Amino acid sequence: MAEKTLNTFEIVQQQIKEACDALGETQEVYEILKQPQSCLEVSIPVRMDNGELKIFEGYRSLHNDAVGPGKGGVRFHQNVSRDEVKALSAWMTFKCGIAGIPYGGGKGGIVVDPRDLSQGEVERMSRAYIKAIAPVIGEKVDIPAPDVNTTPQIMAWMVDEYSMLQGKNTPAVITGKPLEFGGSLARFEATGYGVALMMREAFKAKGKEMKGSKVAVQGFGNVGRFAALYAEQLGAKVVAISDVSCCLYNEKGLDVKALFDYVTIPENKNMIKGFKGADAEYDRNKVFEMDVDLFSPCALENAITTETVNKIKADIIVEGANGPTTPEADKVINEKGIFLVPDILSNGGGVMVSYFEWVQNLQNYYWSFEEVQEKQEVKMVKAFDDIYALKEKHNVTMRVAAFMMAIKRVADAMRVRGWVK
Ligand code: GLU
């Protein structure tokens, strides 16, 4: 039977319900958390290079700010929708809850395929977007960051625009900035580094060695790239990596650093296809079927479906993307006894180091690369251990345990603030 297609927002509502039930939370808590507090829709006029004015559609959703200001990225993608942004902002609330950082959840996006735009058009669109959402963001209100297809350079244009509107420099309004302009060392690498750390912890929990293990990574964007690089540094053989162009395979492990260099050659257009260091080049969907110990989906939502899940041979999955597994596929994963580290834990490294960046901006005092990575490691390993203990105690999955921990944190804050009983 074909899988019922749920949109991402329905998926997150189901996850909230399940965790509220497992926690024995009140209906009031569920009612508040199942919707974002606000979701602003904006139209963004951009003067294109050919002189035409084009209007783009954009959003900024604030899911919940009981714990602290909203926090979360902005994505530029043709599939961005109001529901997707709402769902992603809810995941951010829970991600921040797990990470133990004083933020709520936010997310934004523009419906656009940035590959169709020149650099100048991207800059004008980014500035126009910030102007449009300026009333709902701020250093202590809601703090954007990079997400799919948005870069430190784009963050710099956005902060510049916001600072001009405010008439003062406001570096802490957005994180994920370039190092030259208030960025933090180790932020760019942070999400992928965190994913690799969670791979290490998952191997440990399963009583297996990461050294010499075989890993497959779906996606070679900012997350997949650094997840693969650090997994290699932690001793794994990254035998398969895919992106939209293909799936590369090398039995002895791909040379990830060489692949980094390969994709940055302009004529390769950021794609892995044609890399000489592979034994074989397959269709991109082959990445699910690889004979590996661990599979890490680091691309987009709904990658692991009822169709792809049965192809997976790995007995550990570490989610790098946001929402890569559908609820139906999740059931199959649990039935098969695959150990899964859920997105809101495993890809929380990005927002964690965004928090460190924000703290550094507010203090105007900057830390070393090692200091940042050390702090990230301590926080992420603690979150993993706490969630693992909760999973054992309640006999639930890592995903449900993660949601339970996150929801408890937000619910407790809402309760002491008098929002719910
Ligand atoms: N976009 C990233 C995420 O989904 C990072 C968000 C942030 O740094 O605020 O977690």
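Things to note:
- Here the gap between Thr264 and Glu180, fully extended at 0.36 nm per residue and compared with their Cα-Cα distance, gives a gain of 28.1 nm.
- With θ taken as phi - 60° and the Karplus curve 6.51 cos²θ - 1.76 cosθ + 1.60 applied, the whole-hertz 3J(HN,Hα) list for the stretch 143-156 is 10, x, 6, x, 8, 4, 6, 10, 10, x, 4, 5, 4, 5 Hz, x standing for glycine and proline.
- Solvent-accessible surface (1.4 angstrom probe) belonging to Lys391, in square angstrom, nearest 10: 40 Å²
- Relative contact order [Cα under 8 Å, 6+ residues apart], the chain, whole percent: 16 percent
- Sequence of Trp91, Trp367 when ordered by accessible area, the most exposed leading, probe 1.4 angstrom: Trp367, Trp91
- Convex hull of Cα atoms in the stretch 370-421, direction-averaged projection (nm²): 4.7 nm²
- Result for the chain in a Gaussian network model with C-alpha springs under 10 Å: among Tyr162, Tyr282, Tyr193, the largest mean-square fluctuation is at Tyr282.
- Estimated 222 nm signal from helices in the chain, with DSSP H stretches of n ≥ 4 weighted -39500 (n - 2.57), rounded to 500: -14000 deg cm²/dmol
- Average silhouette area of the chain, convex hull of alpha-carbon atoms, in square nanometres: 20.1 nm²
- Residue-level accessible surface for Tyr59, protein heavy atoms, 1.4 Å, Å²: 10 Å²
- Accessible surface, the chain, averaged per residue in Å² (probe 1.4 Å): 41 Å²
- Accessible surface of the chain, 1.4 Å probe, proportion on carbon and sulfur as whole %: 50 percent
- The stretch 312-421: C-alpha pair distances exceeding 17 Å, %: 64 percent
- Simple point charges give the picture: +1 on the Cβ of Lys and Arg, -1 on the Cβ of Asp and Glu, and for the chain a dipole about the Cα centre of about 640 debye.
- Amide proton proximity set for Ile241, modelled H, under 5 Å, gap of 5+: Val217, Leu248
- Comparing Leu53, Leu40, Leu259 in a Gaussian network model of the chain, where Cα atoms under 10 Å apart are tied by springs, the biggest mean-square fluctuation is seen for Leu53.
- Ranking Phe56, Gly167, Ile304 by how far each Cα lies toward the positive end of the dipole of the chain (charges on Cβ) leaves Gly167 at the top.
- Zone of Glu377's modelled label, taken as backbone nitrogen in the stretch 159-202 under 16 Å from a point 7 Å along Cα→Cβ: 186-187, 189-202
The values are calculated or read from the model by the stated rules, or taken from the named source; none is laboratory data. Just so it is clear, the structure is predicted and the values come from calculations on it, not from any experiment. Heads up, the Cβs are rebuilt from the backbone with ideal geometry, glycines too, and the neighbour counts pull from every protein chain shown. These accessible areas exclude ligands, DNA and RNA; they are computed on the full protein's heavy atoms, side chains included. Shrake-Rupley method; radii C 1.70, N 1.55, O 1.52, S 1.80 Å.
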